[in-house]
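The values are calculated or read from the model by the stated rules, or taken from the named source; none is laboratory data. These figures come from a predicted structure and were not determined experimentally. Note: ideal-geometry Cβ built from the backbone for every residue, glycine included; neighbour counts use all protein chains shown. Heavy atoms of the whole protein, side chains included, go into the accessibility calculation; ligands, DNA and RNA do not. Shrake-Rupley method; radii C 1.70, N 1.55, O 1.52, S 1.80 Å.
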Amino acid sequence: MRIADVLRTKGSAVATIDPDVPVSELLRALAEHNIGAIVVVGSSGVAGIVSERDVVRRLHEVGVSLLSSPVSAIMTADVFTCSPSDTVDSLTVVMTERRFRHVPVLSDGQLVGIVSIGDVVKSRIGQLEQSQDQLQAYIAQG
């Protein structure tokens, strides 16, 4: 199964935010969309990714003044991305080893989706259920 298959099922909508927006606005966007991470997009494309975890860790370090800081101050700028042609299995390995929960999907440099660890797990469960059904059908024929 490919990442394109996951996006076909879940949709390709991606919440984004500008790197100059204050962290308080980031929190509003995360809550509004009921998501755990948001892709930071600047004038030249994907500039980073920022998660609830990033906010909590920096809030602990800096305090409430963080809320007026720009998103760029807390985002992860070195973003790991994948493409629609990548396999779910290969992305699962990377997400597990590198402890990513969200991976933006790029096609020809353009943001076309985002895949979460939940999407990957759901996809894998679907594959396992399909295999189980096929095995049961095979056994029933025999």
Would you work out which of A73, V41, V88 lies farthest towards the positive end of the dipole of the stretch 30-103? Charges go on Cβ: Lys and Arg +1, Asp and Glu -1.
-> A73
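Between T9 and L67, 0.36 nm times their residue separation minus their Cα-Cα distance comes to what? Numbers along the way, then the final one.
Details: separation 58, 0.36 × 58 = 20.88 nm, distance 3.52 nm.
Extra length from T9 to L67 when fully extended: 17.4 nm.
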Per q in 0.13, 0.14, 0.20, 0.22 1/Å, what log10 I(q)/I(0) does a Debye calculation on the alpha-carbon atoms of the stretch 1-118 return?
-> -0.49, -0.57, -1.09, -1.26
Choose one of G63, V23, L106: the residue whose Cα lies farthest towards the positive end of the charge dipole of the chain (beta-carbon charges +1 Lys, Arg; -1 Asp, Glu; about the Cα centre).
-> G63
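Compute the accessible area per residue over the chain, keeping the other protein chains in place, probe 1.4 Å, unit Å².
Details: 8730 Å² over 142 residues.
That works out to 61 Å² per residue.
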Dipole magnitude (debye, nearest 20) for the chain, charges at Cβ of Lys, Arg, Asp, Glu = 240
In the chain, which helices (entire DSSP H runs) extend 18 Å or more along their own long axis, judged by Cα positions, while averaging at least -0.5 on the Kyte-Doolittle scale?
-> 117-141
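Ignoring any ligand, DNA or RNA, what whole percent of the accessible area of the stretch 1-130 comes from carbon and sulfur when the probe is 1.4 angstrom? Could you put the intermediate results ahead of the total?
On the way: 3800 of 7480 Å².
Within the stretch 1-130, the accessible surface is 51 percent carbon and sulfur.
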